[in-house]
Amino acid sequence: MGEVKKIDKFEVLQDLMRRRGFAWQSFEIYGGVGGFYDYGPLGATIKRKIEQKIREAFQREGFFELETPTVTPEEVFIASGHVEKFVDPLVECKKCGSRYRADHLVEEALEIDTEGMSAEHLTKIIEENNIKCPKCEGELGEVWYFNLMFETYIGPYKDKKGYLRPETAQGLFINFKRLNHFARNQLPFGVFQIGKAYRNEISPRQGMIRLREFTQAEAEIFFNPKETEHPHFDDVKDEILRLYPIENQLKGFGEIEITLEEAVKKRYVLNTFFAYYMAMVKRVLLDIGIPEKAIRFRQQLPEERAHYSTDTWDVEIYSERFGWVECVGIAYRGDYDLSRHMKMSGEDLTVMIHYDKPKIVKKLRVSLNMAKVGPKLKKDAKRINERLKEMSEDEVKKIVQSLEETGKAIVEGYELERDDFIIKEVEEKITGEKIVPHVLEPSFGIDRPFYLLLENSLTVDEDGRIYLKIKKDMAPIEVAVLPLVAREPLKDIAYDVFRTLQKAGLIVIYDEKDTIGRRYARYDEIGVPYCVTIDNQTPEDNTVTIRDRDTREQIRVKIEELPQRLKELIFG
RNA sequence: GCGGUGGUAGUCUAGUCUGGUCUAGGACAGCGGCCUCCCGAGCCGCUGACCCGGGUUCAAAUCCCGGCCACCGCACCA
């Protein structure tokens, strides 16, 4: 019974989204293509509002926004690991045509780890171990890799390969040198980008939940791995999050509710730096209008994690239709991306960390007493002297120790005595060190929260009347101005009110068609939080009523106070 | 990709099995008008559809084949 009702609600929403202009599948008139969605007039407005909430939240953290191309040359994704790792090995049964993940078949049959194996290697293993099609026992063909990135070519000749970016992040990493300069060498700093990304999903399903082209809002926060205390952690330490850590998932324990301070103390969360941004993400989702009870943080299992990450928490939003849906990922990317780009490009992507005070380090400097040793070592003397200079502190200490204890030391096959060396203790002034910053990445999907916001806002009462109880400041139309009946002077007054509100910056609609009840229903359905009604009392005293979508209650206000009152009610 | 089920106006649906009376019916929505009304009232009128392509047949929404899309299951989800 309850289940039937839930399915109905999903269908009501699908219907509503198409009928009233929120979102629908793209390319409809040509039959539609899976994994692509168009945002209609109301949907695009809500999407922009979601993006704006995230943008403002990042800006409150002092991050700056970037915009980089979606078309990206191949080298970037060779460096990022996507060319190699963003793939699935597939194999087809020669008899029945069924397709499988080759690595999964091998892992299952032989219980070995196939991580990083080539297609040829997998093919060989399948042949040698006589692994057959699980369905029909038929022979399996060659293993091939399918890369989930969309390929393209840059320019008129097919010699410059490119890909549509599978994440917006790389556009930020490859600009690191300029960004670090912009931040004047001060870690930590954050940058973000809101834009499209593309993944050629093998089989997109579930409507807007898995798209081939989608919008992300990703921030990369570059920090010194030795400084993982967030300066503003106190602001959020008492925030209670619902966590679902790895061990609770593995042991079948449930979720836990815990303050961030406790979560760090009990080592559920790496450090206060990570914890701070978990709180930030939660606040953004609440600000968008996702109910608190529908938000949880689930730590990704090691095998789920992307190739670049060593710890990731997904922020999931509950859907009646799809269960818990991953909407935001907070990934610890370490120095993976910067190190890889440093290697690939040859650029120096380090940051100089200046110490508060220069460190005075006492160091043993050991060199050969060339005058004494020259005749003995001949032309090897110079080479060994160079070698001594390159030695690590430990190697040098060993030699000195040996000299002190036995009076002798063996270097490069020569036995040398104390007098053959010049040993000096020198003071070295070190003003800082070069480090590759580590990266924490909060990465918002936009399309999924969009859908889940609508789903969580949709209410159907027992009469079947639909209300989209979307958070008031997220509504795509903020006010509807309605003359009670389409008659003068009500129409004229109403139209003036409409224009006044438009000029005041509100998103407003004017409507005089149909009965007033029907119009209220029309605007309840698309989530208009307030209807302003011009009635027969208006010509007498210049007052109008404001009707609340969620309570149906009306208050009467003076027309001159209307813009201000509405703004307070909606954006308060 | 595989298997199953399905695709009729903006939405939901009748018709499909058993080909012809289908010039494709209804409801809701939309548009115009009457009514002038505080929560989807009523009346009149209008607009609007057989997923695409091929085939079988005198005749196809209906039968057959291919494609596309959706839903469910398998697989996949870095």
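If you bin all the Cα-Cα distances of chain A at 20 Å, starting from zero, the percentages per bin are 16, 38, 29, 12, 4, 1.
May I ask you to order A:479-486, A:562-569 by the average number of other C-beta atoms within 10 Å around their residues, highest value first? Intermediate values should be presented prior to the final figure.
Details: A:479-486: 22.8, A:562-569: 16.2.
In decreasing order of mean packing, A:479-486, A:562-569 become A:479-486, A:562-569.
Determine, for the stretch A:106-265, the count of lysine pairs separated by eight or more sequence positions (or lying on different chains) whose alpha-carbon distance falls under 27 Å. For the stretch A:106-265, qualifying lysine pairs total 13. Using a probe radius of 1.4 angstrom, the carbon and sulfur fraction of the accessible surface of chain A is 48%. Dividing the convex hull volume of the alpha-carbon atoms in the stretch A:477-571 by its residue count gives 81 Å³ per residue. In the context of the full set of protein chains, residues of chain A present 52 Å² of accessible surface per residue (probe radius 1.4 Å, heavy atoms only). Expressed in units of 2.2 N^0.38 Å, where N is the residue count, the Cα radius of gyration of the stretch A:400-488 is 3.24.
For chain A, the dipole from Cβ point charges (+1 on Lys and Arg, -1 on Asp and Glu) about the Cα centre works out to 1060 debye, to the nearest 20.
Near A:Ile509, the amide H atoms lying under 5 Å from its own belong to A:Val479, A:Ala480, A:Val481; only residues 5 or more places off or on other chains count, and H is placed 1.01 Å from N. Note on A:Val426/A:Glu227: beta-carbon distance plugged into 1/(1 + (r/R0)^6) with R0 of 51 Å gives a FRET efficiency of 0.95.
Computed over neighbours whose Cβ is under 11 Å from that of A:Leu164, the net charge equals +1, Lys and Arg +1, Asp and Glu -1.
The values are calculated or read from the model by the stated rules, or taken from the named source; none is laboratory data. The structure presented is a predicted model; accordingly, all values stated were derived computationally and were not measured. Note that we place each Cβ from the backbone using ideal geometry, even for glycine, and neighbour counts take in every protein chain shown. Side chains are part of the model used for accessible areas, which takes the heavy atoms of the whole protein and leaves out ligands, DNA and RNA. Shrake-Rupley method; radii C 1.70, N 1.55, O 1.52, S 1.80 Å.
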